[in-house]
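Okay, so here's the structure we're looking at.
What follows draws every value from the coordinates through simple rules; no lab data is involved. This one's a predicted model, so the numbers in the text were calculated from it and none came from an experiment. Neighbour counts are summed over all protein chains in view; Cβ atoms, including those assigned to glycine, are modelled from backbone coordinates with ideal geometry.
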Amino acid sequence: MLGLLQGFSELFPISSLGHSVILPRLLGWDIHQNDSYFITFLVATHLATALVLLGFFWRDWVRIVRGLGRSLREREIAPEDTDAKLGWLLVVGTIPAGILGLLLEHKLRSVFASAQSAAFFLMINGLILFAAEALRRRAPQPEHGDPDARIARRVGWREAAAVGAAQATALVPGISRSGVTMAGGLVVGLSNEDAARFAFLLATPIIGAAAALKLPELFGSQGNGVRGPALVAAVCSAVTAYLSVRFLMRFFETNRLTPFAAYCLAAGLACTLYFAT
Amino acid sequence: MDRGRLLVWLAVIVGIALIVLAVVYWVEPAKSLPSWIPGHEAGSNHHHVKHGIAAFLLGAACLVFAWFRSAGPRPRQLAS
């Protein structure tokens with residue numbers, strides 16, 4: 001169940017961490033997000049999600065990495081080299097998110113570990129998504145051509161850093177990483193489709209690195225007795241993550257963040273009221 | 001020295017310093033870190049691996065910035 005939920009909610013802009021804190025409390029499961037076996041589960045499912053994202057965008061990543069290498073060799077990011085520009089935008093977006101994540105993860109997760117707090121921040125996540133749609137710089141319109149070229153043209157270095165740094169807020173259960181990144185993409189002028197693409201590309205190194213950093217816990221003594229269920233969870237997570245990314249890439253060709261904003265606001269409000277009574 | 005070159009040298013120095021700091025974080029336990037470095041804890045044998053990774057990433061970013069910034073003008077820029 002947790003694997004299915006994780007894979008599904010990691011990529012939808014509805015906060016996987018928030019759901020994995022709220023759902024056990026609603027269903028009366030004796031799970032706490034700082035328990036070692038739960039962290040082992042998360043490592044396995046995050047790794048599966050990162051691998052799915054890497055596989056889904058494999059050809060893009062090959063182009064992007066080649067572009068990065070080309071620009072380093074030539075010591076410039078040529079204006080027409082979309083792959084290099086996109087690659088460096090992803091690097092610029094990943095560094096602040098990575099550093100803030102490394103330094104703040106433990107503190108934020110321990111401060112905001114409760115289901116009440118997750119429900120409250122789920123509401124905030126809904127408001128962020130609504131605000132992003134309202135604040136977007138231009139009316140959404142169908143665009144043609146290479147999406148990477150559009151992203152490279154519209155997103156600047158400062159904007160990439162800001163969108164990347166905003167990902168760190170997703171360490172608070174209830175705030176969605178993909179939601180915040182997509183919202184940032186919309187605010188800087190991307191279409192929903194391009195914002196989703198940028199968010200998924202930006203998510204891959206962060207989710208993968210976060211999982212890789214905790215792999216010793218999965219394969220160490222902490223993972224004893226949990227690896228079997230964690231493997232099942234990882235497979236379930238991979239399946240739902242693949243279906244989610246396929247669905248979302250098509251969904252955002254014509255749709256907006258509004259349904260997810262409404263869901264987060266309504267679910268967050270309902271859970272806040274429920275936990276308060 | 002013009003402002004561009006100064007920036008390059010500054011990025012190189014900061015980049016190398018941060019990478020050295022990263023190695024210090026990985027090698028030395030928290031109790032052995034100088035007291036002015038974030039993460040120093042008297043009596044703690046904990047290694048601040050994540051602090052080290054953060055310092056290394058920042059250092060590498062500074063060096064990459066210096067690499068691009070110190071490149072000479074491109075042929076097409078010279079032509080224009």
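All other residues whose Cβ lies under 13 angstrom from that of A:Gly18 are scored, Lys and Arg at +1 and Asp and Glu at -1, for a net of +2. In this entry, the range A:2-276 is assigned a mean projected area of 14.1 nm², taken as a quarter of its C-alpha convex hull surface.
Computed per residue of chain B from DSSP H runs no shorter than four, each worth -39500 (n - 2.57), the mean residue ellipticity at 222 nm is -21500 deg cm²/dmol.
Sorting B:His48, B:His40 by the number of Cβ atoms found within 10 Å of their own Cβ, with the fewest placed first, yields B:His40, B:His48.
For B:Ile37 and B:Arg5, the FRET efficiency from 1/(1 + (r/R0)^6), where r spans their Cβ atoms and R0 equals 22 Å, is about 0.15. With the charge dipole of the protein assembly as shown set up from +1 on Lys and Arg Cβ and -1 on Asp and Glu Cβ about the Cα centre, the Cα lying farthest toward the positive end among the listed residues A:Leu5, A:Val245, B:Val20 is that of B:Val20.
Net charge dipole, the protein assembly as shown: roughly 680 debye, given to the nearest 20, about the Cα centre with Cβ charges of +1 for Lys and Arg and -1 for Asp and Glu.
Think of the range A:174-277 as having a plus end and a minus end, set by charges on the Cβ of Lys, Arg, Asp and Glu; of A:Ile206, A:Phe275, A:Gly228, A:Gly228 sits farthest toward the positive end of this dipole. For A:Asp83, A:Asp60, B:Asp2, the sequence from fewest to most other C-beta atoms within 10 Å is B:Asp2, A:Asp60, A:Asp83. Per residue of peptide B:50-57, the mean number of Cβ atoms on other chains within 10 Å of the residue Cβ is 4. Listed by Cβ neighbour count within 10 Å, with the fewest neighbours leading, A:Met182, A:Met1, A:Met123 appear as A:Met1, A:Met123, A:Met182. Annotation for A:Trp157 and A:Val62: the two label points, set 7 Å from Cα along the Cα-Cβ direction, are 3.1 nm apart. Along the Cα-to-C-beta direction of A:Glu217, a point sits 7 Å from the Cα; which residues of the range A:42-67 have their amide N less than 14 Å from that point? Taking a point 7 Å out along Cα→Cβ of A:Glu217, the residues of the range A:42-67 whose backbone N falls under 14 Å are A:42-47. Cross-link reach is defined here as a Cα-Cα straight distance under 24 Å, omitting same-chain residues fewer than 8 places apart; for B:Lys31 the lysines meeting it are A:Lys107, A:Lys214, B:Lys50.
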